[in-house]
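First up is the structure itself, then whatever we jot down about it.
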Amino acid sequence: MTLPRLGITLGDAAGVGPEIVARSLLGHPDLRPRAHLVVLGDAGAVRRGCQVTGYDPGSVIVVNAPEDVPDDPSLIPVIQVGDPLGDIEWGHESPVAGDGTYRYVVAACDLAKEDRIDGIVTAPLNKAAMHAAGHDFPGHTELLAHEFGVSSFAMVLSAGSLYLFHLTTHMSLRDAIDAITPARVDEVFHLAGAVAKASGDPYARIGLAGLNPHAGENGLFGREEIDILAPAVERARTAGLNAYGPLPADALLPQAMRGEWPFVIACYHDQGHAPFKAVFGNNGVNITVGLPVVRVSVDHGTAFDIAGQGIANEESLVLAINRAADLAPGWSHVTA
């Protein structure tokens, strides 16, 4: 079977992206039989990442296209995007690095649109740095959706067999409540069903968390469950999904972390992220569902406080590459 081509965006060059890219591509040769890997970013920054992690900076080579990637696990092929950033100061917010982050993602999207890569794996960006550079996106997810021109998408955290969807992500809690509409809940149920189908289990249980304490307690603590969430569950079941809820989040999420629910839909960012990170730490990944290609990201930030020290843990990036390699061949099921 033809191996998928994956573009790895470097993320913020002032953060831990360069060193986790170096550790992943040079310290995990088992990744190379899984996919053809190419980095979109800055070769100088990746060389500096090699230096601080004890790898040979000479391992970094510049290529012009994904098709030029050599079959050699001792090398890191980089497509140079934009001006060199190899001398950017570690651990400090920089609009120059923020602009680079943006351009790496756009370059990856362009290659995906041309069917020259089959998936995108993203190292972490710094939102404030990207905003300072004039790119006003809440995060990777929204930038990718913009570049691909899609409006139906969702953030999914994944570890092991768990896929944790979110109705809302990067917005205030006040705005998130208003954004939980019948159409949005239907949309995310559809996406969850598509991923369940792609995973080989179209009848997997999908649990929807309640928005309010105790899932509203029959309207005592809010009517969103009665007016919006419960009817959406019924529509999902009518559409053939094995949907349940709305269920109290303080019961559903712990059960999901124990492996009792393969698919869960959280209402807002921290409702899903807090328990997921408490249990899985860096052993999870972030998937964007709804794009024409698979996109998987590390589930951590730029870690400016330790950037350049050579101690950043690369395991989340390794997991992201592996998950992208797993999902890329069957991604048409998700976007159908």
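The values are calculated or read from the model by the stated rules, or taken from the named source; none is laboratory data. Please read all numbers here as calculations on a predicted model, not as lab measurements. Here Cβ is always computed from backbone atoms with ideal geometry, including for glycine, and neighbour counts include all displayed protein chains.
With the requirement that a residue be among the charged types (D, E, K, R) and over 26 Å from the mean Cα position of the chain (by Cα), what does segment 49-67 give you?
Asp56 - this is the single residue of segment 49-67 that is among the charged types (D, E, K, R) and over 26 Å from the mean Cα position of the chain (by Cα).
Are any of the residues in segment 186-203 over 18 Å from Pro262 (Cα atoms) and either not in a helix (DSSP H, G or I) or not polar (S, T, N, Q) (or both)?
Checked against the condition, which is being over 18 Å from Pro262 (Cα atoms) and either not in a helix (DSSP H, G or I) or not polar (S, T, N, Q) (or both), segment 186-203 yields at least one hit.
Hey, any hits in segment 242-258 for a residue that's surrounded by 15 or more Cβ atoms within 10 Å (Cβ to Cβ) and either under 30 Å from Pro29 (Cβ atoms) or touching a residue at least 60 places away in the same chain (Cβ under 8 Å) (or both)?
Yes, because at least one residue in segment 242-258 is surrounded by 15 or more Cβ atoms within 10 Å (Cβ to Cβ) and either under 30 Å from Pro29 (Cβ atoms) or touching a residue at least 60 places away in the same chain (Cβ under 8 Å) (or both).
Quick one: how many residues across segment 107-138 are among the charged types (D, E, K, R) and either buried (at least 24 other Cβ atoms within 10 Å of the Cβ) or part of a loop (DSSP other than H, G, I, E, B) (or both)?
So the answer is 5.
Any chance segment 28-37 includes a residue that's within 16 Å of Ser297 (Cβ to Cβ), touching a helix residue (DSSP H, G or I) at 6+ places or on another chain (Cβ under 6 Å) and not in a helix (DSSP H, G or I)?
Checked segment 28-37: at least one residue is within 16 Å of Ser297 (Cβ to Cβ), touching a helix residue (DSSP H, G or I) at 6+ places or on another chain (Cβ under 6 Å) and not in a helix (DSSP H, G or I).
Does Asp136 fit the bill of being assigned by TED's automatic domain parsing to the domain that holds Leu37 and within 17 Å of Leu291 (Cα to Cα)?
no
Residues of segment 289-313 being crowded, with 23+ Cβ neighbours inside 10 Å and either aromatic (Phe, Trp, Tyr) or closer than 19 Å to Ala35 by Cα (or both), which ones?
Within segment 289-313, Val293, Val294, Arg295, Val296, Ser297, Val298 meet the criteria.
Can you tell me which residue in segment 39-80 is nearest to Asp118 (Cα to Cα), limited to those that are surrounded by fewer than 23 Cβ atoms within 10 Å (Cβ to Cβ) and touching a Lys or Arg at 6+ places or on another chain (Cβ under 6 Å)?
Top of the filtered list is Pro66.
Mind telling me which of the residues Arg295, Arg323 ends up being part of a strand (DSSP E or B) and either of a type in the set (D, E, K, R) or in contact with a Cys (Cβ under 8 Å, 6 or more places away or on another chain) (or both)? Outline the logic, then answer.
On the way: Arg323 fails: part of a strand (DSSP E or B).
Going through Arg295, Arg323 in turn, just one is part of a strand (DSSP E or B) and either of a type in the set (D, E, K, R) or in contact with a Cys (Cβ under 8 Å, 6 or more places away or on another chain) (or both): Arg295.
Does Leu85 qualify as being touching a residue at least 60 places away in the same chain (Cβ under 8 Å), buried (at least 17 other Cβ atoms within 10 Å of the Cβ) and farther than 21 Å from Val293 by Cα?
yes
Looking at segment 308-317, can you tell me whether even one residue there is of a type in the set (Val, Ile, Thr), on the phi < 0 side of the Ramachandran plot and touching a residue at least 60 places away in the same chain (Cβ under 8 Å)? Quick ask: steps written out before the conclusion?
First pass over segment 308-317, keeping only residues of a type in the set (Val, Ile, Thr): 311.
Now drop any that are not on the phi < 0 side of the Ramachandran plot, which leaves 311.
Within this subset, residues satisfying the condition of being touching a residue at least 60 places away in the same chain (Cβ under 8 Å) are none.
Taking every residue of segment 308-317 in turn, none turns out to be of a type in the set (Val, Ile, Thr), on the phi < 0 side of the Ramachandran plot and touching a residue at least 60 places away in the same chain (Cβ under 8 Å).
Restricting attention to segment 211-231, which residues are more than 17 Å from Ala176 (Cα to Cα) and touching a residue at least 24 places away in the same chain (Cβ under 8 Å)?
Passing the criteria: His214, Pro231.
Being among the hydroxyl-bearing types (Ser, Thr, Tyr), under 26 Å from Leu327 (Cα atoms), at pLDDT 95 or above and buried (at least 21 other Cβ atoms within 10 Å of the Cβ) is true for just one of Thr141, Thr101. Which residue is that?
Step by step, each of Thr141, Thr101 is checked, and only Thr101 is among the hydroxyl-bearing types (Ser, Thr, Tyr), under 26 Å from Leu327 (Cα atoms), at pLDDT 95 or above and buried (at least 21 other Cβ atoms within 10 Å of the Cβ).
Answer yes or no: is there a residue in segment 317-328 that is within 22 Å of Ala176 (Cβ to Cβ) and touching a Ser or Thr at 6+ places or on another chain (Cβ under 8 Å).
Looking for residues that are within 22 Å of Ala176 (Cβ to Cβ) and touching a Ser or Thr at 6+ places or on another chain (Cβ under 8 Å), one finds none in segment 317-328, hence no.
Out of all the residues in segment 200-209, which are touching a residue at least 40 places away in the same chain (Cβ under 8 Å) and either crowded, with 18+ Cβ neighbours inside 10 Å or under 16 Å from Thr238 (Cβ atoms) (or both)?
Selection gives Ala204, Ile206, Gly207, Leu208, Ala209.
Restricting to segment 257-276, give me the number of residues that are in a helix (DSSP H, G or I), of a type outside the set (S, T, N, Q) and closer than 22 Å to Ala179 by Cβ. Even if it seems obvious, please write down each step before you answer.
Step one: of segment 257-276, the residues in a helix (DSSP H, G or I) are 257, 269-276.
Next, from what is left, pick out any that are of a type outside the set (S, T, N, Q): 257, 269-270, 272-276.
Checking which are closer than 22 Å to Ala179 by Cβ leaves us with 269-270, 272-276.
Selection size over segment 257-276: 7.
Evaluate the following for Tyr268: is it in the same structural domain as His214 (by TED's automatic domain parsing), more than 18 Å from the chain's Cα centre (by Cα) and at pLDDT 95 or above?
Against the criterion (in the same structural domain as His214 (by TED's automatic domain parsing), more than 18 Å from the chain's Cα centre (by Cα) and at pLDDT 95 or above), Tyr268 does not qualify.
Just checking, which of Gly58, Gly44, Gly49 is over 20 Å from Ala107 (Cβ atoms) and not in a loop (DSSP other than H, G, I, E, B)?
Every option except Gly58 fails the conditions.
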